[in-house]
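The values are calculated or read from the model by the stated rules, or taken from the named source; none is laboratory data. Only a predicted model underlies this, so the values are computations on that prediction, with no experimental measurement involved. For neighbour counting, all protein chains shown are included, and Cβ atoms are generated from backbone atoms with ideal geometry for every residue, glycine included.
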Amino acid sequence: MAELHVELVAADRKVWSGEASLVVARTSSGDIGVMPGHQPLLGVLKPGPVTIRTTGESGGGTVVAAVHGGFISFADNKLSLLAEIAELSEEIDVQRAERALERAQSEADAAAERRAEIRLRAALASAR
Amino acid sequence: MGAQVRIYKRRIRSVSATKKITKAMEMISASRIVKAQRQVAASTPYAEELTRAVAAVATGSDTQHPLTTETEKPTRAAVLLVTSDRGLAGGYSANAIKAADRLTERLRAEGKEVDSYIIGRKGVAYYGFRDRKIAQSWTGFTDRPSYADAKAVSGPLIEAVRRDTAEGGVDELHIVFTEFVSMMTQNPVEKRMLPLSLDEVTRQVEKQERIRPLYDFEPSAEEVLDALLPRYVESRIYNALLQSAASEHAARRRAMKSATDNAEDLIKSLTRLANQARQADITQEISEIVGGASALADASAGSD
């Protein structure tokens, strides 16, 4: 099966890299799914979960990451996801995110509320 | 014990206490350099991908953007100076400040007004003491900058570049920071950050790969560029902050190493002097006893 190479990088570290068969991300004009052989693409990401269907020695699996804004770029079967902040779903502490969400809601901190929500959505998406 | 010896002993004690402190600081800085270098390495993938993306937009379309267009007659420039929060780092902050002064003078000679933006307590103190105007300053993170710090710094700067010059905006942004070449060498450098020359970015990438594919832009090339360029500037500033932090630690390590060496030399020479003084005391005592004994012997011989 055809594969594409995915690099998920945050500003201060490389979060995940590996082979995948499909990557679904949300750009500012809607969700986009990238499969191997896609046309070269450069898009602006909206904050939200990114789903990576992995391939490789360990067989198929799904990696979900919370991406807080950034870019998606695809060329030569190489896909890079750039984000200032990016976290894998297993790195997210659900309880902590829930607490952060409550706190943000009570303090009416829109930015923090959005960040916590994205984390929770990513954590839920991978749990399903 | 003679008074001289006591004074020497006291000075040796105080110098060795200082030596212990400088030695500890040297070792702390040495370990922090490694950490700072690791941070630089960790941020490289992001910076590289971002540079590649900017180059892709630059070659894939001929969009214009306020951050890339040169003003015909620039009248005001912003200078971002990166210094340290703490001292005891040799000439680290002083060299960066000197480089910024030279740049400021050159810009003034070209007929531009200069707005100073400063990072680090040392730079703020220098400008404050000389009553120079600071447009904005940030302190508290120079030895360990995070990406959020770089974002906090670049926000107002990008804002200033976008604003019209007549309304207090600037036409150019220069940055002065200390480049980390190696453990032994760190150079203060000045770079023009904005307006960004897209050709230069493209050239940088083309060194590595030749063919650029034609990209599909989502939603449009203008919007992608609009989102990309501020991130690109942030990542350049982040890189400058990280390099400055590594340089600061390297400079401090070197300064503390020479302080430790000097303390060792000082202890050695003071020990010699103390020994000499002790020997002189002993010699004097002996000659006094001998002199006293022979005087007694003479006196008793005379009485016979």
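A compact table of results
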quantity: Test result for residue B:167, surrounded by 19 or more Cβ atoms within 10 Å (Cβ to Cβ), on the phi < 0 side of the Ramachandran plot and of a type in the set (D, E, K, R); calculated: no
quantity: Every residue from the range A:1-51 that is acidic (Asp, Glu), more than 9 Å from chain B (Cβ to nearest Cβ) and touching a Pro at 6+ places or on another chain (Cβ under 8 Å); calculated: A:3
quantity: Residue match in the range B:193-215 (condition: aliphatic (A, V, I, L, M) and touching a strand residue (DSSP E or B) at 6+ places or on another chain (Cβ under 8 Å)); calculated: yes
quantity: Filter result (assigned to a helix (DSSP H, G or I) and within 10 Å of another protein chain (Cβ to nearest Cβ)) within the range B:218-257; calculated: B:221, B:223, B:224, B:225, B:226, B:227, B:228, B:231, B:234, B:235, B:238, B:242
quantity: Failed item, numbered, when residue B:154 is tested on (1) touching a residue at least 40 places away in the same chain (Cβ under 8 Å); (2) hydroxyl-bearing (Ser, Thr, Tyr); (3) surrounded by fewer than 17 Cβ atoms within 10 Å (Cβ to Cβ); calculated: (3)
quantity: The one condition in (1) within 17 Å of the chain's Cα centre (by Cα); (2) buried (at least 22 other Cβ atoms within 10 Å of the Cβ) that residue B:234 fails to fulfil; calculated: (1)
quantity: Residue among B:118, B:97 that alone is within 23 Å of residue B:154 (Cβ to Cβ), under 10 Å from the mean Cα position of the chain (by Cα) and crowded, with 17+ Cβ neighbours inside 10 Å; calculated: B:97
quantity: Odd one out for residue B:183, checked against (1) modelled with pLDDT of 90 or more; (2) under 19 Å from the mean Cα position of the chain (by Cα); (3) surrounded by fewer than 21 Cβ atoms within 10 Å (Cβ to Cβ); calculated: (1)
quantity: Total residues in the range B:137-151, condition more than 11 Å from residue B:118 (Cα to Cα), touching a residue at least 12 places away in the same chain (Cβ under 8 Å) and surrounded by fewer than 18 Cβ atoms within 10 Å (Cβ to Cβ); calculated: 3
quantity: Strands (runs of 3 or more DSSP E) lying entirely in the range A:13-106 (those with 3 or more residues that are buried (at least 19 other Cβ atoms within 10 Å of the Cβ) and among the hydrophobic types (A, V, I, L, M, F, W, C)); calculated: A:13-27, A:41-45, A:61-68, A:70-75, A:78-83
quantity: Lone qualifier among B:244, B:258 - being of a type in the set (Ser, Thr, Tyr) and touching a strand residue (DSSP E or B) at 6+ places or on another chain (Cβ under 8 Å); calculated: B:244
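For every residue, the table says whether it meets (1) closer than 24 Å to residue B:25 by Cβ; (2) in contact with a Leu (Cβ under 9 Å, 6 or more places away or on another chain).
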site	(1), (2)
B:93	yes, no
B:122	yes, no
B:134	no, no
B:142	yes, yes
B:148	no, no
B:160	no, yes
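So that you can scan it fast, the table gives a plain yes or no per residue for (1) over 30 Å from residue B:268 (Cα atoms); (2) under 24 Å from the mean Cα position of the chain (by Cα):
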site	(1), (2)
B:3	no, no
B:11	no, no
B:14	no, no
B:30	no, yes
B:35	yes, yes
B:40	yes, yes
B:43	yes, yes
B:52	yes, no
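Rundown of residues vs (1) more than 13 Å from every other protein chain (Cβ to nearest Cβ); (2) within 9 Å of the chain's Cα centre (by Cα), yes/no style:
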position: A:56; (1), (2): yes, no
position: A:62; (1), (2): yes, no
position: A:65; (1), (2): yes, yes
position: A:71; (1), (2): no, no
position: A:75; (1), (2): no, no
position: A:79; (1), (2): no, no
position: A:82; (1), (2): no, no
position: A:85; (1), (2): no, no
position: A:88; (1), (2): yes, yes
